[in-house]
Amino acid sequence: MKKLIFVLTAIITLPFVMKAQEPVHKFAPLPYAYDALEPYIDKMTMEIHYDRHHRAYYNNFMAAIKGTETESKSMQEIFAQMSTYPTAIRNNGGGYWNHEMFWNCMKPNGGGAPTGKLADAIKTSFGSFDDFKKQFADAGIKRFGSGWVWLVLGKDGKLFITSTANQDNPLMNTEEKRGTPIFCLDVWEHAYYLKYQNKRGDYISAFWNVANWDYVQKLYEQGLLKNN
Amino acid sequence: MDYKFPELPYAFNALEPHIDAMTMEIHYTKHHKTYFDKFVAAIKETDMNGASLEEIFAQVSKLPVPVRNHGGGLYNHTLFWESMSPNGGGAPGGKLAEAINAKYGSFEDFKTKFNDAAANRFGSGWAWLSVKADKSLCVCSSANQDNPLMDNFECQGTPILGLDVWEHAYYLKFQNRRPDYISAFWNVVNWPVIEARYESIIK
């Protein structure tokens, strides 16, 4: 009888308990309006990119982890063991996480150059801010097919540039060059085709006008603390 | 031999409304032309300059990556243009129809399999119907500009039908809706050309 009451109580209360639990992985709002990055990134691209592509990655990722213990794991934990997960989690989990970071790496009235410790670190690693931009743009142009370009803080405290295929990122244990990503650029054609078509180089040039260096600076400082 | 940039076998707007004129123009004059130019530059740096693309693909894993990427881009797009026609669509006939029915059950079942290969290719790539060395048909997909003639390809064969699923092939008209683009493609498939390719391989 006790057992029966327990089972019944569990059945009745389970939906409420489940409802009360917020999912670990949330689909965050876009931090600005769709037209906020005009004229560099057009409104229609932003809307489709966020509301279709990004949302589909999120939904497919949530579907892929539903009912498994992965639901309660952080993206960092998942990426650190990426090679042990199914492809759907790698592709959609990467797509979900990468885009959220990308939105934050941009802002209206962005651009200019980084300052403070980040500016010093860029000079140390690349010679100058212009040299860094050149190498970053070059990595973006040379990525064949779909992918991303990253500025990464390595375990040794130095910055480096890398590019990844599809929705992979430098946190994944499937990557040769790993570290903490602090800045990124989406070079999938869907990120620029409506406005720039085959001219990926023009898209990359425009991107510098909306770079959110405050955010990058914050990630850099957090990364340094984590390294220590 | 000299490499030639092939002519588009129809006008830019000939495949409307299934494939739009602007996509065709940029795809052919910008993307395809760039692959051609970069392939010609890359192959000059090797001792295979002048060899056919088939000969090059047969040992592409030993050649520089730009040869693979741009040579693939050159060959795949040429095959793709020829695989479509303003008077296309319908279903294949002849020996190809028989082979498709024998292998996949029906033309509709084959289309489902091909659609899945095209829709599930993550990132940039192609879907293929090819003929393997044992003359059997094979549906598969490849990443980027790889194709079934390449020596490092998991499902080797001779492609007779290819569908470009890079976003540049459909984004202006279909944006994120790749399945709509794949559905539209069947309206322009040039089956007589695909049948002829098949018959020349099996004879």
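Computed quantities for the displayed model
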| item | result |
| --- | --- |
| Exercise: per-residue mean of other protein chain Cβ atoms within 10 Å, B:165-176 | 4 |
| Residue-averaged beta-carbon neighbours from other chains (10 angstrom radius) around A:194-201 | 3 |
| Chain A: C-alpha pair distances exceeding 22 Å, % | 55 percent |
| Global form of chain B, assessed from the alpha-carbon gyration tensor, a/c cut-off 1.5 | oblate |
| Cβ-Cβ FRET estimate between B:K132 and A:A33, R0 fixed at 41 Å, reported to 0.05 | 0.20 |
| Within the stretch B:141-183: backbone nitrogen closer than 18 Å to the B:Q59 label point (7 Å, Cα to C-beta) | B:149-153 |
| Relative contact order for the stretch A:44-119, counting Cα pairs under 8 Å that sit 6 or more residues apart, in percent | 37 percent |
| Summed residue charge, Cβ within 14 Å of B:F36's Cβ, Lys/Arg positive, Asp/Glu negative | +2 |
| Surrounding net charge for A:L194, when Lys and Arg each add one and Asp and Glu each subtract one, Cβ distance under 11 Å | -1 |
| FRET efficiency, B:A21 to A:L225 (Cβ-Cβ, R0 51 Å, nearest 0.05) | 0.40 |
| Full-extension gain in nm, A:K66 to A:K199, via 0.36 nm per residue minus C-alpha separation | 43.9 nm |
| Whole-Å semi-axes of the ellipsoid equivalent to the stretch B:39-144 (Cα gyration tensor, √5λ, descending) | 30, 15, 14 |
| Too-long pairs where the Cα-Cα distance tops 19 Å, listed order kept, from A:K133/A:K226; A:K123/A:K226; A:K158/A:K218; A:K107/A:K226 | A:K133/A:K226; A:K123/A:K226; A:K107/A:K226 |
| Paramagnetic reach from B:F5 in the stretch A:193-224 [backbone N under 20 Å; point 7 Å along Cα→Cβ] | A:197-202 |
| Computed [θ] at 222 nm, helices only, for chain A once each DSSP H run of length n ≥ 4 contributes -39500 (n - 2.57) | -15000 deg cm²/dmol |
| Computed helical MRE - 222 nm, chain B, DSSP H runs ≥ 4 contributing -39500 (n - 2.57), nearest 500 | -13000 deg cm²/dmol |
| Long-range HN-HN contacts of B:L161 with modeled amide H, under 5 Å | B:L129 |
| The stretch B:45-87 and the stretch B:138-159: distance between their alpha carbon centers, rounded to Å | 12 Å |
| Cα shape, the protein assembly as shown, gyration tensor, a/c 1.5 rule | oblate |
| Pairwise label distance in nanometres, A:E47 with A:K218, each label 7 Å out on the Cα-Cβ vector | 2.8 nm |
| Phi to ³J(HN,Hα) by Karplus 6.51 cos²θ - 1.76 cosθ + 1.60 over the stretch A:44-52, Hz, x for Gly, Pro | 5, 4, 4, 5, 5, 5, 6, 7, 9 |
| Chain A: relative contact order in percent, alpha carbon pairs under 8 Å with at least 6 residues between | 23 percent |
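Read the figures in this text as sums done on the coordinates, not as results from a lab. The shown structure was predicted, so the numbers you read here are calculated from the model rather than taken from an experiment. FYI the Cβ positions are ideal-geometry reconstructions off the backbone, even for glycines, and counts take in every protein chain you see.
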